[in-house]
Amino acid sequence: GDVSLALAPRISTWPQWLPQALLLMLLLLPWPASTVSPQISGILVAPSANGVSPSGWKKTNDGAYQELPFNKVFTFHLFGRNLSQVLKLGFSYMHRNDSDCQDTKLSQAFDVELVDDSRALAEASVTQTSTVDEVVYICAKLRGADGAQHRWMFFGSHLRVYISREVFPMYATVLFICGLFTLSGLFSGLNLGLMALDINELRIICRAGSSAEKSYAKKIIPVRKRGNFLLCSLLLGNVLVNTTLSLLMDSITGDGIYAVISATIGIVILGEIIPQALCSRHGLAIGAYTMPITILFMALTSPISFPLSFVLDKVLGEDFGQVYDRNKLKEFIAAQGLEKTEANIILGALSLQNKTISEVMRNLGEVYMLPAETVIDSFTIDQIRDTGFTRIPIYDKERSNIINILNFKDLTIVNRDTPMRADLICEYFNRQVQVVYDTDTLDNALKLFLSNRIHLAIVKHHVGEEEGNDKDPYEVTVGLVTLEDILEEIIQEEIEDETDIPEVPQVNKALQGRRKFWKDVSLSGTSASQIPGQLRLAAAQNLAMQYSELFGRNAILEPVLDRMFEEKILVRHMFVYGDEDRNALYRRNEPADYGCFLLEGRAVLGIGVENLEFEATIFTLLGSKALSVVRDLHKQQPERLADPVELRRLPQFVPDYTAKAKQNMQYLKITQAQYAALLRISDIIRQEEAAAGREFAGPELEEKLGALFAAYFPRQLGRQGIGGRRPSRFSVNSPFAASAAASPTNEARAAAAALQTASPSSVEASASAAASAAAAAPTAPADAVVVVDAAPAPAAAVAAATDAAASANDDSPLINGGVSA
């Protein structure tokens, strides 16, 4: 298959087996031995030792002939008769049958090696000269007869070969192939890099990218807008370059299969894999830098690519870029690796359209509200400030009937000495209540808040036929929504400030209690909150100086008086408009065993038959006579204060006036039993200081006061509201006191005496006897307790005796003491 044969007869077709068959025929032909002149009938061109093969075949009208490149050595097989006469082989650019070619032959001559008389070989090549066109003819140098001169002779025009000229030199062909590989990679990479860049993405980069990215995007956008034109140009250029590469590779290798293999490997690696890997990561920069080349090829291929792109635009439509819907955008953002807070904010904002107000609103039962008749004074302002709320709904009669919103900054117009009703303040500012419905989406609610510049709206629910309503549709208030609720839904976190309550169970219980308090805000009551330090100091000094007979140093020691403020004797009274019973501190001709020391607010005293009104302001002590009775007994016989019977016999204070709260108030409510306990504690401290020969101070004094107050002021004292059950006359401090309260019988008194003289170690054992005595006396007063001078009892003993007394007297009637004018 690597050899070829040129013969004289015209051959229109050339089967593969024909050269071998013709060679065999020539060898078998009988050649006359008497023929003197040699005859060359055919030639066979085969590859030489260097492995270079003929270029191919040249088809002409009279047959097919081989093509040989210039300057390549081939092995020429000569077939004929008397070939021993052939000395040299040469080539001529002209042909003359059976004539001399001495003048037309090329300069080079090649030796002929005789195989036998009918076959010879010659290693020869055709040298490129200006006289050679495309065909050369075989001529040979023959031996002269009988010593004659050698001569060059033609043997026919059929003995010829064609010359295949190289269009470019080899180095130029190699450089051209390298350039085509570069273009192939460029077109392939730009096809991926530029077409993957979305128009919307490029516009985003122009606004939010780095300076370099903005520059790249601005260069690419004009071309990328013509997406189909760009696509057709890149694909057309890529196909054209790859086809040309295959042809050039075939011209170099000279064999089709090798050209296909080499072109495929080169195009896949250099023209596809590497450029696409680079452009997929740096497509923006590469596309910008190669934009002039892209525009050039778009112009060169426009006669074909532009019509194709026009058809695509009409059939497929304009390329508007990638557009994400809401759900796809959420997933896209979640996959970007943003910080959790940033991602939550974006995802929360995207979710507003899918969430309704009913999912984030506060139910009506959880809302802090005030009734319309609430009097706003300093006490109410402090309470509102403590809650931390800045906008408080105001309702009329029912909590579902919200009539207005009170803004905390509106309270700046309120004079603490001249309080105002909440509904009047709201009417003055005339704020409109914004209403939304529980089915509205959060995005619409946010637009409403921003457009109307509001922070709070009332949520209503529409009750129609779909909910089984047989009557006309109506609306009901179900809750409240704030701008903060929507913002929390956007950022997916709770917004907490210094007034917010952490989400822990213990604090939640306190919050529920506070909400219950404000739900019943029209009721007065007591509070265990501590008095502010400055007010406490001023009140103590005023009591000691202005009411020195009752609270001076001779009666109550200063440390005892100061410690008194830590007990639950503070009453915070919420003024209820129109409810005189609940606002009453004292009622005319009704006995009372307590005194009231005003700390904040004002009270109105109705005196005489005509009920003349006088105002009592801060640091006024009402009902001082109730405490003076105890003080008088203490001066005369201080030991009698330890006898509960004596305390019960003390006359109560019967006022000849009516005292009512005019506004929200704070005052100290000190009963006769509590005042007696303060006197007893002061006496005990004086006695122990006298025995020690020094005054107690520092931690030692604090320890003694703590023990004495724990005994004389147990935790259950306080918490008594105005208008409720009259407070007990005495305070509990030991199992003896509990047993005495349970039974005034001799058995109980004996048990009490035993406990009073017992040592602290035996008090707990004596509690059992006291409890037994308490259980055996069912007729004892329910709230009568006695103050005694005894060491502080163990907690278990106090609890046992107190429980026994309570169980024995749950159903006992209240017995009042004596009454004096």
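Taking LEU678 as the residue in question, decide whether it is assigned to a helix (DSSP H, G or I) and either among the hydrophobic types (A, V, I, L, M, F, W, C) or touching a Ser or Thr at 6+ places or on another chain (Cβ under 8 Å) (or both). So LEU678 fits the description; yes. Residues of the stretch 647-669 include at least one that is part of a helix (DSSP H, G or I) and not basic (Lys, Arg). Tell me, please, whether a residue that is surrounded by fewer than 16 Cβ atoms within 10 Å (Cβ to Cβ), of a type in the set (A, V, I, L, M), over 60 Å from the mean Cα position of the chain (by Cα) and at pLDDT below 55 can be found in the stretch 35-48. No, the stretch 35-48 has no match at all.
Would the stretch 324-344 turn up any residue that is over 35 Å from the mean Cα position of the chain (by Cα) and either part of a helix (DSSP H, G or I) or within 14 Å of PHE187 (Cα to Cα) (or both)? For the stretch 324-344, residues over 35 Å from the mean Cα position of the chain (by Cα) and either part of a helix (DSSP H, G or I) or within 14 Å of PHE187 (Cα to Cα) (or both): absent. Considering the conditions (1) under 23 Å from GLY479 (Cβ atoms); (2) surrounded by 18 or more Cβ atoms within 10 Å (Cβ to Cβ); (3) modelled with pLDDT under 90, THR390 is excluded by exactly one of them, (2).
Before we move on, is ARG587 surrounded by fewer than 22 Cβ atoms within 10 Å (Cβ to Cβ) and farther than 29 Å from GLU373 by Cβ?
On the way: surrounded by fewer than 22 Cβ atoms within 10 Å (Cβ to Cβ): yes; farther than 29 Å from GLU373 by Cβ: no.
Answer is no for this residue.
Of all positions in the stretch 563-583, at least one carries a residue that is β-branched (Val, Ile, Thr), closer than 22 Å to VAL629 by Cα and assigned by TED's automatic domain parsing to the domain that holds ALA707.
The conditions of being more than 56 Å from the chain's Cα centre (by Cα) and polar (S, T, N, Q) are not met by THR182. Going by the conditions given, is ALA335 out of contact with any strand residue (DSSP E or B) (no Cβ under 9 Å at 6 or more places or on another chain) and over 30 Å from LEU236 (Cα atoms)? In short, yes.
Scanning the stretch 62-112 for residues that are of a type outside the set (Lys, Arg), in a loop (DSSP other than H, G, I, E, B) and under 30 Å from ILE252 (Cβ atoms) yields PHE70, ASN71, VAL73, TYR93, LEU106, SER107, GLN108.
Which one is nearest to the chain's Cα centre (by Cα), of the residues in the stretch 556-584 that are surrounded by fewer than 20 Cβ atoms within 10 Å (Cβ to Cβ) and among the acidic types (Asp, Glu)? Top of the filtered list is GLU566. Which members of the stretch 280-313 meet the condition of being of a type outside the set (A, V, I, L, M), over 14 Å from LEU230 (Cβ atoms) and either outside the structural domain of LEU235 (by TED's automatic domain parsing) or touching a Leu at 6+ places or on another chain (Cβ under 9 Å) (or both)? Within the stretch 280-313, SER280 is the sole residue that qualifies. When GLU639 is tested against the conditions (1) in a helix (DSSP H, G or I); (2) under 30 Å from ARG587 (Cα atoms), the lone failure is (2). Remark: GLU613 matches the filter, which requires a residue to be of a type outside the set (Val, Ile, Thr), surrounded by fewer than 18 Cβ atoms within 10 Å (Cβ to Cβ) and at negative phi. Filtered by the rule that a residue be part of a helix (DSSP H, G or I) and surrounded by 13 or more Cβ atoms within 10 Å (Cβ to Cβ), the stretch 156-173 gives a lone residue, THR173. Residues in the stretch 397-453 that are of a type in the set (Ser, Thr, Tyr) and either touching a strand residue (DSSP E or B) at 6+ places or on another chain (Cβ under 7 Å) or surrounded by 15 or more Cβ atoms within 10 Å (Cβ to Cβ) (or both): SER400, TYR437, THR439, THR441. If the condition is being over 23 Å from VAL45 (Cα atoms) and at pLDDT 70 or above, then the stretch 145-175 contributes HIS150, ARG151, PRO169, MET170, TYR171, ALA172, THR173, VAL174, LEU175.
State all residues of the stretch 617-636 that are outside any helix (DSSP H, G or I) and among the hydrophobic types (A, V, I, L, M, F, W, C); if no residue qualifies, say none. Hits for the stretch 617-636 are ILE618, PHE619, LEU621, LEU622. Taking the conditions (1) modelled with pLDDT of 85 or more; (2) within 30 Å of LEU599 (Cα to Cα); (3) surrounded by 12 or more Cβ atoms within 10 Å (Cβ to Cβ); (4) among the basic types (Lys, Arg) in turn, ARG385 satisfies each one other than (1). I'd like to know if the stretch 689-698 contains one or more residues that are surrounded by fewer than 19 Cβ atoms within 10 Å (Cβ to Cβ), under 60 Å from the mean Cα position of the chain (by Cα) and farther than 29 Å from GLY608 by Cα. Yes, some residue in the stretch 689-698 is surrounded by fewer than 19 Cβ atoms within 10 Å (Cβ to Cβ), under 60 Å from the mean Cα position of the chain (by Cα) and farther than 29 Å from GLY608 by Cα. Looking at (1) of a type outside the set (D, E, K, R); (2) within 20 Å of GLN663 (Cα to Cα); (3) part of a loop (DSSP other than H, G, I, E, B), which is the one condition that is false for LEU424? Going through the list (1) of a type outside the set (D, E, K, R); (2) within 20 Å of GLN663 (Cα to Cα); (3) part of a loop (DSSP other than H, G, I, E, B), LEU424 breaks only (3). State whether one or more residues within the stretch 433-441 are in a loop (DSSP other than H, G, I, E, B), closer than 28 Å to ARG572 by Cα and touching a Ser or Thr at 6+ places or on another chain (Cβ under 6 Å). Within the stretch 433-441, none of the residues are in a loop (DSSP other than H, G, I, E, B), closer than 28 Å to ARG572 by Cα and touching a Ser or Thr at 6+ places or on another chain (Cβ under 6 Å). In the stretch 180-289, counting only helices (runs of 4 or more DSSP H) that sit wholly within it, the ones holding 1 or more residues that are in contact with an Asp or Glu (Cβ under 8 Å, 6 or more places away or on another chain) span 199-208, 227-253, 256-268, 274-289.
The values are calculated or read from the model by the stated rules, or taken from the named source; none is laboratory data. Every value quoted in this text rests on a predicted model; they were computed, and no experiment measured them. FYI the Cβ positions are ideal-geometry reconstructions off the backbone, even for glycines, and counts take in every protein chain you see.
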